[in-house]
Amino acid sequence: MHPPSVLVFDVNETLVDIDSLAPVFIELFGDERVLREWFAQLVMYSMSATLADRYMKFSTLAQGVLRMVGNIHHVHVSDDDLHRLTVGLLTMPAHPDVTEGLARLRDNGFRLVTLTNSPPNPDGPTALQSAGLADFFEHQLSVDACRAFKPAPAVYRYVCETLGVAPADCMMVAAHVWDTLGAQNVGFSAALIARPGNPPLPVEGLPQPDLVVADMHELTQELLKKRRHN
């Protein structure tokens, strides 16, 4: 693996904890497992919209998918429920391992940026600002600039164009294999943070992440070790 100089972080679930949204789903559906159903559908329909040459903001799609899941479960989803979801998406806390890991990576000379499906928030703090993470990153990039969702190739190339770097200089760090696959498709290396429920996908013919780690502590250790050996 070519040692990366730029680490490109996914945000939702990779850096911030979507399980903090569980109270919304428990109150609505009586079952926090519906959170994972909703998130999986949200990711699927974001990809579907991109393949169909359509685009809408991720937060708008998130609300529509919540209403769809409500129809599946015969649960009424009110405008207030949609508002609670939107606020929750902007105020998710950082995973406990994230702050220390980002600080060590930054202090050891890595360039840190984020690339998220979520749009910028013109009306207040971003999710990264709310989680206390924004100052670690030189850029907070959104697919909104490309009007296509990950893992479309254009969004990863947009990172390189913005930073003036080659794909080989970049490593995508994400908790989702669909994100690492998209980045590897354009020449990034990739690290999978295997958060609970997000293991590698062992399918022959699909590129595997260059690193698979349990958390940010292990990611930092592995990257610093590889840098010393090069």
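The values are calculated or read from the model by the stated rules, or taken from the named source; none is laboratory data. Remember, it's a predicted structure, so these values are computed and weren't measured experimentally. Counting neighbours? That spans all protein chains shown, and the Cβs are built from the backbone with ideal geometry, glycine included. When the accessible area is computed, the model is the full protein with side chains, heavy atoms only, and any ligands, DNA or RNA have been set aside. Shrake-Rupley method; radii C 1.70, N 1.55, O 1.52, S 1.80 Å.
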To the nearest 10 degrees, the tilt of helix 216-228 (Cα long axis) against the first principal axis of the alpha carbons of the chain is 20 degrees
Given Cβ charges of +1 for Lys and Arg and -1 for Asp and Glu, the option among P202, L85, V159 whose Cα lies farthest towards the positive end of the dipole of the chain is V159
In whole Hz, the Karplus estimates of ³J(HN,Hα) for segment 73-87 (6.51, -1.76, 1.60; θ = phi - 60°; x where Gly or Pro) are 9, 6, 10, 6, 10, 8, 4, 5, 4, 5, 5, 4, 5, 4, 4
Bridge orientation stat for the chain from DSSP, antiparallel percent rounded to 5, came to 5 percent
Here, N108 and N121, labelled 7 Å along Cα→Cβ, have an inter-label distance in nm of 3.1 nm
With DSSP loop assignment and no more than 16 other C-beta atoms within 10 Å, the GluC sites (Glu not before Pro) in segment 3-46 are E32
Restricting to Cα pairs under 8 Å and 6 or more apart, the percent relative contact order of segment 18-90 works out to 37 percent
Residues whose built amide H sits under 5 Å from the amide H of F9, excluding neighbours closer than 5 in sequence, are V113, T114, L115, V173
With a ≥ b ≥ c from the Cα gyration tensor eigenvalues, square-rooted, and the rule rounded for a/c under 1.5, otherwise prolate when a/b > b/c and oblate otherwise, segment 18-90 is prolate
Rounded to the nearest 500, the 222 nm mean residue ellipticity computed for the chain from DSSP H runs (n ≥ 4, each -39500 (n - 2.57)) alone is -13000 deg cm²/dmol
Taking Cα atoms, the helix 153-163 axis meets the longest principal axis of the chain at an angle in degrees (rounded to 10) of 60 degrees
Computed ³J(HN,Hα) along segment 88-103: with the Karplus parameters 6.51/-1.76/1.60, θ = phi - 60°, integer Hz and x for glycine or proline, the list is x, 5, 8, 10, 5, x, 5, 4, x, 8, 6, 4, 5, x, 5, 4
Toy charge model, Lys and Arg Cβ at +1, Asp and Glu Cβ at -1: segment 18-90 dipole around Cα centroid in debye, rounded to 20, equals 240 debye
At the level of C-alpha centres, the distance separating segment 53-123 and segment 158-215, in angstrom, is 19 Å
Rg/Rh of segment 49-178 (Cα atoms, Kirkwood Rh), to two decimals, equals 1.00
Quick calc, the chain, dipole around Cα centre from Cβ unit charges on Lys, Arg (+) and Asp, Glu (-), nearest 20 debye, gives 580 debye
Mean Cβ-within-10 Å packing, highest first, puts peptides 50-59, 186-195 in the order 186-195, 50-59
Residues whose modelled amide H sits under 5 Å from the amide H of S142, counting only those 5 or more places away in sequence or on another chain, are T116
Applied in sequence order to segment 59-66, the curve 6.51 cos²θ - 1.76 cosθ + 1.60 (Karplus, θ = phi - 60°) yields integer Hz couplings, x standing for Gly and Pro, of 5, 5, 5, 4, 5, x, 5, 4
So the carbon and sulfur contribution to the accessible area of segment 18-90, 1.4 Å probe, in percent, is 57 percent
